[in-house]
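The structure appears right after this line, and notes come after that.
The values are calculated or read from the model by the stated rules, or taken from the named source; none is laboratory data. Keep in mind the model is a prediction, meaning the values are calculated, not measured. Please note: Cβ atoms are built from the backbone with ideal geometry, for glycine as well, and neighbour counts cover all protein chains shown. Just the protein is used for accessible areas: all its heavy atoms, side chains included, with ligands, DNA and RNA removed. Shrake-Rupley method; radii C 1.70, N 1.55, O 1.52, S 1.80 Å.
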Amino acid sequence: MQLSAKAEEILEALWIGTEERGADALPFAGLGVVANDDGLAELSRLAYVEVRGDRVFLRQEGRFEAMMTVRRHRLAERLLMDILDLKGKKGDAKACEFEHLLHHGVDTKICTLLNHPTTCPHGRPIPPGKCCEEARAEGSVGVVALTELKAGERGEIAYLSTADAKKMQKLMSMGVLPGNQLHLSRTFPTFVFRVGNSEFAVDDELAREIFVRKG
Amino acid sequence: MSKPVSLSAGVPKIVLVGNPNVGKSVLFNALTGAYTTVSNYPGTSVEVAHGFCDLAGLRYEVLDTPGMYSLLPITEEERVARQILLHGEVHVVVHVIDARNLERMLPMTLQLAEAGLPLLVVVNIMDEAERCGMTIDLPLLQSRLGVPVVGAATARKRGLAEIRAALAAFDPSRRPVFAYASDLEHDILRVAAQLEGNYRLDRRALALLLLQRDEEIQGLVAATEGAHHAKLQQTVNQVIFERRVDLHLRISLERKRICQGLLAEVVTQRTGGRPSFAERLSSWSMNPWTGVPLLLLVLYFGLYKFVGEFGAGTVVGFLEGTLFLEHLNPWFIAVADRFITWSWLHELLVGEYGILTLAVRYAVALVLPIVGTFFIAFSILEDSGYFPRLAMLVDRLFKAIGLNGRAVIPMVLGFGCDTMATMVTRTLETVRERVIATILLALAIPCSAQLGVILALLSATPGALLVWTSFLLLIFLVIGLLAARLMPGERPMFYMEIPPLRLPQPGNVLVKTLTRMQWYFFEIFPLFIVASILLWAGKLTGGLNILVGWVQPVMLSLGLPVEAAAAFIFGFFRRDFGAAGLYDLQTSGLLSPVQLTVAAVTLTLFVPCVAQFMMMKKERGWMVSLLIFVFVTAIAFASGWGLNRLLLATGWLA
């Protein structure tokens, strides 16, 4: 069953307060709730939290759900800020609404799309999900920008990220097309790589637009 | 729309097209021999070479187009190349491609075939491909492509006879068609079916270019279709919107898929083998730790030893000292003394600034050997493929001064001739880069003629050369940094193909050197004569003295003797002239080491020669070139003043 938005907010605040800030519990005031809050009641019913006096404790049973809630929130932040370019207060506000939609595997898909990020835009850790563990176990690094490759590594060009049509054409005219194999031979003073039987030099700015699947 | 370039109507035309660096120009020279002319494409600054060739008793006009990567142009060069295809009556289009990268080159072959152009494919650089361990089944490729395919290594004169034979026997009626995926074809047809006008290019190709928002084609179609155009544009916009996610990419991938089909079993690659010496040298040249020492070696042997000592020393010594001063000039003067009684004509021909005694002597004895040896060294480096490596090595540094690594080529060429280098700045992509490069060339890059004299001048005074070099480098960097900060415009972007290093071919080096020398003489030599006449007129009318009088106070403020004024005035007419004037001052003992250094620095920075100014005007327009002129003059004298103060205050060189 799915938790209400209010319950998710409480779980999230509890996780941050206890796991990340080291408190053992949070007072009602710290969670922004009153004693007869619906969300709190919902969580108590599931035995995710325990209320003692005016303090709320996160129970062992609720830990996993809390962690996943935090994960969804921070993934939402990454998605909004990195991909949709919504920054600042507006981004934060939208992320709070957005996170409640990331259920039923949507979070996994977004996590994979973002290449399993480990921190949110504010620098706080994103708890790893099952997909992250699997990717780590397989040693798959997914798709990275050319600037992330080391000299001597090769990969298959996955996509070009530039929105600038001229840049796109330059790259394509060099044979930098998805599906082609690329072998990086230098990263300094410029990026030097081989596609097919030709060698090219590009600066950081263009290299950042080329995304490759390592391997 | 500008008119197509043509020397003569009615002669069937052969147009060479292809990527840069695939040996188009070598093939062009081989086909046309010596009878070529280079002219600007109407309305642009892009040059197109023409020539004629006779095949099986028929005369053909041959055009060498600027390098293009695709039928959809990005640079002005590509635009011109396509204009020629778009508007000219073409008998055959020769697509020259690089055998090592067929997979990358063939998409453009497809585009040319798709455009309905009569096509002949030359698979060039076969020798290098074979050295890489590739075998290419050309007959199979020919049968798959449906147009004649000839293998060649034009740089080694291989396959030229076959190319001639294929051109002579060319049958323009063969038009192969390659199909894209059906959904894409459907959309192309939706647009192509609405094109009703008469076009030189095939409708399918036009439709594809319209879908890729090619502005020039949009203009052409709008003009041809008339009232019908609005409806057509609607369909185009519709398809573009429906395919907004990935149209460009989809077309590229489709072309790639077709090319892979064409190439299956055509290319076999033998793998393995140790890296060759050329490959190892190549990687050393790109590693800063080994690349910089390598660059210094190149500069030492190429510039200092060959151009400086051999060209400016040995050859100049012989030509100027022995040939002109001992033999030719006395003879000119003796002949003039005997036959020319008018003193003004006598003065004009053999006087102090005489055309024969000064202009010709300077051009032949002083400038020719220095510029000639420089062009030889430059052409050797160019043919070996060293410059792209240098470009990637200095890219970061050049970014700081608002340029990108690509600009290293005009900058190095500037050490030979700033005028030619100013012309070459047109290969830079943005206007901003072109302006910055033009300023730096005008200001801080001394040309070889000037370098020769200044090196001779300063080498006698220990430390002066060091001060001169460091000061010029400082000015170069400071002005570059400022320009990068202050000049508006796009940030430069660097991308460059790095061709394999190869041993320079004597034939290529010779042709490249001769072409440059020829240009130099046709463009610059008349100016030498003009400068001589102006100086002669100035001397005769007294105008020169008035001008010198104006400049004298400036000289005094720089701490220089008033006699230096003449050198600066001459310097405007020709940079090396001014330097030579200083040389005379120094040999007559009029300059102290400080004065010498200040004068040399100021003169090097000072206004470019007349020829360079004319080239600046041609490339950048009156406004920009006059601004640069004023700016450079101000910086030159301000720097001279500052340097004089500095040297006097610190007591260096005293």
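Below are the figures for this structure:
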quantity	calculated
Angle in degrees between helix B:102-114 and the longest Cα principal axis of chain B, rounded to the nearest 10	70
Pairwise burial B:A, computed as accessible area of each alone minus the pair, summed, 1.4 Å, Å²	2900
Nearest 10 degrees, 0 to 90: helix B:288-298 Cα axis against chain B principal axis	60
Amide H partners (placed H, <5 Å) of A:Glu199, local residues excluded	B:Ile498
Dipole magnitude (debye, nearest 20) for chain B, charges at Cβ of Lys, Arg, Asp, Glu	740
Cα gyration tensor shape of the range A:5-64, rounded if a/c is under 1.5, else prolate or oblate by comparing a/b with b/c	rounded
³J(HN,Hα), Karplus 6.51/-1.76/1.60, whole Hz, each residue of the range B:644-652, x for Gly, Pro	4, 4, 4, 5, 5, 5, 8, x, 5
Lysines with Cα under 19 Å of B:Lys24, excluding same-chain neighbours fewer than 8 positions away	B:Lys13, B:Lys157, B:Lys512
Net dipole in debye of the protein assembly as shown [+1 Lys, Arg Cβ; -1 Asp, Glu Cβ; about Cα centre; nearest 20]	640
Distance-filtered residues of the range B:434-473 - backbone nitrogen under 14 Å, label point 7 angstrom along B:Leu646 Cα→Cβ	B:464-473
Relative contact order (percent, whole number), chain B, Cα cutoff 8 Å, 6+ residue spacing	10
Cα-centred dipole magnitude for the range A:70-138, charges only on beta-carbon of K, R (+1) and D, E (-1), debye, nearest 20	200
Beta bridges per DSSP with both ends in the range B:77-218, % antiparallel, nearest 5	10
Pairwise label distance in nanometres, A:Glu20 with A:Thr108, each label 7 Å out on the Cα-Cβ vector	2.5
Average Cα contact separation per residue, the range B:13-168, under 8 Å, 6 or more apart, as relative contact order %	24
In nm, spacing of pseudo-spin labels at A:Arg59 and B:Thr469 (7 Å Cα→C-beta vector)	8.2
Tilt relative to chain B, helix B:247-263 - C-alpha long axis, 0 to 90 degrees, to 10	80
Rounded accessible area of B:Asp171 (nearest 10 Å², 1.4 Å probe)	70
CD proxy at 222 nm, helix term only [per DSSP H run n ≥ 4: -39500 (n - 2.57); per residue of the protein assembly as shown; nearest 500]	-16500 deg cm²/dmol
Distance between the range A:174-215 and the range B:281-334 - C-alpha centres, whole angstrom	39
Table column - 3J(HN,Hα) (Hz), the range B:420-430, Karplus curve with 6.51, -1.76, 1.60, x for Gly and Pro	5, 5, 4, 5, 6, 4, 5, 6, 7, 7, 9
Other protein chain Cβ atoms within 10 Å, averaged over every residue that makes up B:98-106	4
5 angstrom amide H check on B:Leu55, placed H, neighbours 5+ away	B:Tyr60
Fraction of beta bridges assigned by DSSP in the range B:13-168 that are antiparallel (%, nearest 5)	45
The range B:82-202, relative contact order [Cα under 8 Å, separation at least 6], %	28
Cβ-based net charge around B:Lys256, under 12 Å, with every Lys or Arg adding one and every Asp or Glu removing one	+2
Accessible area (Å², 1.4 Å probe, nearest 10) - A:Lys90	130
Where labels lie 7 Å past Cα in the beta-carbon direction, separation of B:Arg158 and B:Val177 in nm	3.8
Inter-chain shielding of B:490-502 (mean C-beta neighbours from other protein chains, 10 Å cut-off)	5
Length gained when the stretch B:Ser557-B:Lys539 is fully extended (0.36 nm per residue, less Cα-Cα span)	4.0 nm
